[in-house]
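Any read-out appearing in this document is the output of simple, stated calculations on the displayed coordinates, not a laboratory observation. Since this is a predicted model, take the numbers as computed values, not measurements. Every residue, glycine as well, gets a Cβ built from its backbone with ideal geometry; the counts of neighbours run over all protein chains shown.
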Amino acid sequence: MSRQHGNLQKYQNSNPLQQALIQRFLTRVGTLLSGLEIRTALDAGCAEGFVSAHLREHELAEAAFVGVDLDWAALQRGRTFSPFMQRAYSDVLRLPFGDAQFDLVLSTEVLEHLLDPRLALREFKRVSRRYVLLSVPHEPWFRGLNFLRGKHLRRWGNDPEHVNNWSGRQFADLVAEEMEVLATMGAFPWWVVLGQVRNLDETTERCN
């Protein structure tokens, strides 16, 4: 997944309000993952790797991180911002990894860009052995905030790269189609969901 407009600017913007919102978002993501046993993590659509860098510093210090993205320039910039991360140039819809390879798959501000986000959810579920953490803009608040600050006025605040818009409930319902939803959390103007893939061994035991 390539996010060519604004990811670097978003995380390095000097505006105090934007920085406060970003830090609140990162803190809430960390809260959802705190205490979980995670040794391997895939950042799907990682760009420069800012979210993984925060998690590695605060909650997941012992985890090995891999990041994938289709933005080659962002992957290269990430060598400065997240030097601990292994990187691969890859589409999140066709991940070059085996089944159940990671304890955690995280994908932040990616699904809203995809024409068929369910395909990505199935790939995340396939390569995760336990957890999937996702975030998307929380609508209509995200668009409203853009509009109030004079951004994308002709589109009523909607980012031109966003092809999907969800409320918190709508997004949780979408994720629940593919995995168990363990927790949801608002981090204005984003929404965060922690899911767990269904354990195949446990499913087999229940059926026998």
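Summary table
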| item | result |
| --- | --- |
| Derived scalar couplings ³J(HN,Hα) [the stretch 55-67; Karplus, 6.51 cos²θ - 1.76 cosθ + 1.60; whole Hz; x for Gly, Pro] | 5, 5, 6, 10, 10, 10, 5, 9, 7, 9, 10, 10, x |
| Per DSSP, loop GluC sites (Glu not before Pro) in the stretch 68-133 with at most 12 further Cβ within 10 Å | none |
| Where labels lie 7 Å past Cα in the beta-carbon direction, separation of Ala100 and Gln18 in nm | 4.3 nm |
